[in-house]
Amino acid sequence: MTLNRRTFLKTGLSTGAAIPLTSALHALEPVPGLRAEEQVIATVAGQKLGTLPQRMKPVDAAAMPWQQKLRRIGQNNMTEHDPAVMDVNAWADYWHSAGADIVFVSVTGILAFYPSKVKFHRHGKFLNGRDFFGECVAAAKKRGMRVVARMSPDLNWGDALEAHPEWAMRHKDGSVQFSGEDSRLFKTCMFSSYMDDYVPAVMREINSLYDVDCFYTNGWPPIGTLPECHCAICSKLPASGTPAYWRVFNDRVLDLWTRYDGIAKEKKADAFYFANLGGNVRCAANLDRLGKVAAWFQADNQGRTYTEPAIWGCSLQGRVCNAIMEGKFSANVTAAYSTGVVGWRNASKNPAEADMWLNETLASGMVPYYHFVGSEAGFSEDRRWQPVGRDYFRWSEKHDAHLTTRRSIANIGVIMGQSTQLLYPGPATVRARGYMDETTQGIYDALLRGRFAFDFVHEDRLEPERLSKYRALLLPNVAMLSDRQCQQIKDYVRSGGSVMASFETSLYDENLNRRAEFGLADLLGISKAGDAIGTNGNAYYARIEHPEAADRHPILEGFQDTNWIAGAQNRIPLKPVERPVLTVVPGFVRYPPELAYPAASHTDQPAIVLRESGSSRIAYLAGDVERTFWLTGHGDLLRLLHNTIRWVTHDERMIQVDGDGLIEMLAWETAPGYAVHLLNYTNPDAHHGWLQSTFPLGPQTVTMRLPAGVKAKSVEVLKAEQKVPFQQQADLLHFTVRRVEDYEVAAITVA
Ligand SMILES: [Zn+2]
């Protein structure tokens, strides 16, 4: 909520938390440039702030694994032709000039960039016996940069297929699956001995010849989708896309990952293996399991596409990494080249777009990683990407201490339901692959617009010690929950936590078996009266019960001059509850308009169910409100979500940022103090395409409560590179960020 005078007065009166205006005015030294009213608002906003936890103990940098200290990563993805023309020194000089700590160099597996002796590791046709990989490694090492040995185990050529037909992925009819773009390459099956024999042979050859720091595979495991293969091995496995398949898939990924990691360590104990884990909440590999073994979370989430159009795609990925890695190293790849449905791998993308992706990387706690495809093209045909990355890296280097995150500041946990994201096909009324994507985008958009501080929480990480941080958990249609997970959520509520859930949440178990009743029925106080009802014509409405009642529920705040509000596209019919706040007016005909009126204008079916017990508040939305908000942008749905989130959290915040514009706010504890990141998405290109330019924002006021005994020493804005006046009264810290271009970071140093 953006506070203004009216809402402040209203809120103050309704909660009794307000302090008299005059004393509030005098409680703090005025912030220069703020109007008196803003001073009051800032002060009173502080009344609802939770206190930040005691600061974490300092970490001995010397004891940290080396990858934990990386801050900048560079890559020119090498092409077959590069060995003929690439200037190795110019390549290494660029990344060195940008301050890269580590660079990716291609070993591959499809085409060898060195004179490999591994059978079927075909030499590139321009290699001519040259040790291109070795030269690149030496050039990087000479300049003090570490090296990632980059491999691609996903494709190989006809001679390998002839000798090893069992290596290929197969269609249902037994035919070989080939690359969609170059049919000379077949797709290798991850369950075949290709992964057991061939990949380790290449890794061991590299270790025997070169000094590399770690190994990485591109193209495996798959991102965002599960493989579908009908080879002799796979036809004995459960069907792809099922929970049972997902388990054997994860077992195989874990097994290979652990073995490759062991091979990486055969030469150097501090080396390791890692692979792509992008796909954000819909990553193919189980993130809970992999997060426990991965030393490096490689988020291969390189840019916006037509099907993933929201500007926050990178920071959404960062929140996933934060949920999984718990302080271990994460990096997100920013494509300097043109990503998208129509792509140009050798042409630079809009600088404003590339910059924003890098901004989001830092803001969400990941390490920036800049990437262009083709060194030949990148150092001759199109050089525009070079200053964008170098300038960004060089700026970030000056502020590493503040940009390195330790712990997120958040009081809302959004359950990310990875199995639902990956395996649930949507309700019977809407079978669509994008169903959960739209749900995620809807809740994300709503949380940003409300400037809530939230984390993602993985469904397999619901232990009390993790959840105790959160005032409320949100379950946006987390359809699949095991009995154990349901119990963990109930335990969380029993210990005082609050919950907001929607639609089919807990209607399925972890095996995608439909339950007769919600797994969380007793917690949510609901009981199913039928299966999902969709929309054919006019969607349903939510009728405000007793709109004139003096004790209107807080979730109805702002709904004036109407008896009903927009419902959602789909809903679960529920049995009646006592004193419902919103009831369902069922959908009806939209066209012809003559028939566009409700057949039944009043029912006793609840559209929302609200419960309160001690400090726990429970809200269940019968409709798919988050997703319908994403599809429509309807303000009723946004207001309902905001009101409900504010209610379940008792309107408590850990940080308050007030000002105009659509921003994404992420706040962190850092070694020097705290960092408040503000990403300015107020832009006509925020929901589609790429940013063309920036539309700066005016003042944003920041208020937070520091732990007892912690004093702010200074506040500076890192993009503008200026000190900011601040005031601290007892534990309450307050300051104003005057202007936000595309991105600003308020860095607080504490004593
Ligand atoms: Zn197979």
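The values are calculated or read from the model by the stated rules, or taken from the named source; none is laboratory data. This one's a predicted model, so the numbers in the text were calculated from it and none came from an experiment. Positions of Cβ are backbone-derived with ideal geometry, glycine not excepted, and every protein chain shown enters the neighbour counts. Please note that ligands, DNA and RNA were not included when accessible areas were found on the heavy atoms of the full protein model with its side chains. Shrake-Rupley method; radii C 1.70, N 1.55, O 1.52, S 1.80 Å.
Among the candidates 460, 522, 491, single out the residue that is within 23 Å of residue 283 (Cβ to Cβ) and either touching a His at 6+ places or on another chain (Cβ under 8 Å) or open to solvent by 20 Å² or more (accessible area, probe 1.4 Å) (or both).
After ruling out the rest, the residue left standing is 460.
Of the numbered conditions (1) assigned to a loop (DSSP other than H, G, I, E, B); (2) modelled with pLDDT of 95 or more; (3) buried (at least 18 other Cβ atoms within 10 Å of the Cβ), residue 275 satisfies every one except a single condition; which is it?
(1)
List the number of the failed condition for residue 530; all other conditions in (1) within 13 Å of residue 622 (Cβ to Cβ); (2) open to solvent by less than 20 Å² (accessible area, probe 1.4 Å) hold.
Here residue 530 meets the rest and fails (2).
Have a look at 641, 691, 679, 637 and point out the one that is within 30 Å of residue 337 (Cβ to Cβ), touching a residue at least 24 places away in the same chain (Cβ under 8 Å) and not in a loop (DSSP other than H, G, I, E, B).
Going through 641, 691, 679, 637 in turn, just one is within 30 Å of residue 337 (Cβ to Cβ), touching a residue at least 24 places away in the same chain (Cβ under 8 Å) and not in a loop (DSSP other than H, G, I, E, B): 679.
Is it the case, given these coordinates, that residue 332 is within 23 Å of residue 276 (Cβ to Cβ), in a strand (DSSP E or B) and either open to solvent by 30 Å² or more (accessible area, probe 1.4 Å) or of a type in the set (Asp, Glu) (or both)?
Judged against the criteria, residue 332 is not a match.
Return the residues of region 184-232 that are of a type in the set (A, V, I, L, M, F, W, C), open to solvent by 10 Å² or more (accessible area, probe 1.4 Å) and assigned to a helix (DSSP H, G or I); say none if nothing qualifies.
Those that are of a type in the set (A, V, I, L, M, F, W, C), open to solvent by 10 Å² or more (accessible area, probe 1.4 Å) and assigned to a helix (DSSP H, G or I): 201, 209.
Looking only at residues that are charged (D, E, K, R) and either open to solvent by less than 50 Å² (accessible area, probe 1.4 Å) or in contact (Cβ under 8 Å) with a residue 40 or more places away in the chain (or both) in region 238-261, which one is nearest to the ligand (Cβ to nearest atom)?
252
Could you say which residue among 507, 512 is open to solvent by less than 30 Å² (accessible area, probe 1.4 Å) and in contact (Cβ under 8 Å) with a residue 12 or more places away in the chain?
None of the other options fit; the residue is 507.
Quick one: would you say residue 139 is in contact (Cβ under 8 Å) with a residue 24 or more places away in the chain, assigned to a helix (DSSP H, G or I) and either within 16 Å of the ligand (Cβ to nearest atom) or in contact with a Lys or Arg (Cβ under 6 Å, 6 or more places away or on another chain) (or both)?
The answer is no for residue 139.
Take the conditions part of a helix (DSSP H, G or I), among the small types (Gly, Ala, Ser) and within 16 Å of the ligand (Cβ to nearest atom) and apply them to residue 235. Does it pass?
Yes, satisfied.
Where in region 337-451 are there strands (runs of 3 or more DSSP E), lying fully within it, with 3 or more residues that are under 30 Å from residue 676 (Cβ atoms)?
It comes to 367-373, 412-415.
If you go through region 477-485 one residue at a time, do you hit one that is modelled with pLDDT of 95 or more, assigned to a strand (DSSP E or B) and open to solvent by less than 10 Å² (accessible area, probe 1.4 Å)?
Checked against the condition, which is being modelled with pLDDT of 95 or more, assigned to a strand (DSSP E or B) and open to solvent by less than 10 Å² (accessible area, probe 1.4 Å), region 477-485 yields at least one hit.
Filtering region 279-297 down to residues that are over 13 Å from the mean Cα position of the chain (by Cα) and not in a loop (DSSP other than H, G, I, E, B), which residue is nearest to residue 349 (Cα to Cα)?
Looking at the filtered set, the residue picked out is 296.
Going through region 171-205 one residue at a time, which ones are under 15 Å from residue 152 (Cβ atoms), of a type in the set (S, T, N, Q) and out of contact with any Pro (no Cβ under 8 Å at 6 or more places or on another chain)?
179
Taking interchain pairs and intrachain pairs at least six residues apart, which have beta carbon atoms under 8 angstrom, with the first residue in region 378-389 and at pLDDT 95 or above and of a type outside the set (A, V, I, L, M) and the second open to solvent by less than 60 Å² (accessible area, probe 1.4 Å) and in a loop (DSSP other than H, G, I, E, B)?
385/336; 385/349; 389/98; 389/336
Going by the structure shown, is residue 323 crowded, with 24+ Cβ neighbours inside 10 Å and in contact with a helix residue (DSSP H, G or I) (Cβ under 6 Å, 6 or more places away or on another chain)?
For residue 323, the condition - crowded, with 24+ Cβ neighbours inside 10 Å and in contact with a helix residue (DSSP H, G or I) (Cβ under 6 Å, 6 or more places away or on another chain) - is not met.
Residue by residue through region 669-685, note down the ones that are open to solvent by 10 Å² or more (accessible area, probe 1.4 Å) and farther than 24 Å from residue 303 by Cα.
Hits for region 669-685 are 671, 672.
Could you check, for region 95-103, whether at least one of its residues is at pLDDT 95 or above, aliphatic (A, V, I, L, M) and part of a strand (DSSP E or B)?
Within region 95-103, one or more residues are at pLDDT 95 or above, aliphatic (A, V, I, L, M) and part of a strand (DSSP E or B).
Is it fair to say residue 146 is of a type in the set (Lys, Arg), away from the ligand (no atom under 16 Å from the Cβ) and touching a Pro at 6+ places or on another chain (Cβ under 9 Å)?
Judged against the criteria, residue 146 is not a match.
When you go through 249, 186 one by one, which is the residue that is of a type in the set (Phe, Trp, Tyr), in contact with a strand residue (DSSP E or B) (Cβ under 6 Å, 6 or more places away or on another chain) and at pLDDT 95 or above?
186
Residue-by-condition table, conditions (1) more than 16 Å from the ligand (Cβ to nearest atom); (2) modelled with pLDDT of 95 or more; (3) under 32 Å from the mean Cα position of the chain (by Cα):
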{"residue": "190", "(1), (2), (3)": "no, yes, yes"}
{"residue": "193", "(1), (2), (3)": "no, yes, no"}
{"residue": "199", "(1), (2), (3)": "no, yes, yes"}
{"residue": "203", "(1), (2), (3)": "yes, yes, yes"}
{"residue": "207", "(1), (2), (3)": "yes, yes, no"}
{"residue": "213", "(1), (2), (3)": "yes, yes, yes"}
{"residue": "218", "(1), (2), (3)": "yes, yes, yes"}
{"residue": "224", "(1), (2), (3)": "yes, no, yes"}
{"residue": "228", "(1), (2), (3)": "no, yes, yes"}
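In region 150-183, which residues are away from the ligand (no atom under 16 Å from the Cβ) and open to solvent by 30 Å² or more (accessible area, probe 1.4 Å)?
Of everything in region 150-183, those that are away from the ligand (no atom under 16 Å from the Cβ) and open to solvent by 30 Å² or more (accessible area, probe 1.4 Å) turn out to be 158, 159, 162, 163, 180, 181, 182, 183.
Could you give every pair whose Cβ atoms fall below 9 Å, whose first residue belongs to region 520-538 and is in a loop (DSSP other than H, G, I, E, B), and whose second residue is acidic (Asp, Glu) and buried (at least 20 other Cβ atoms within 10 Å of the Cβ), counting only separations of at least 6 or pairs across chains?
Correct list of pairs: 532/504; 532/624.
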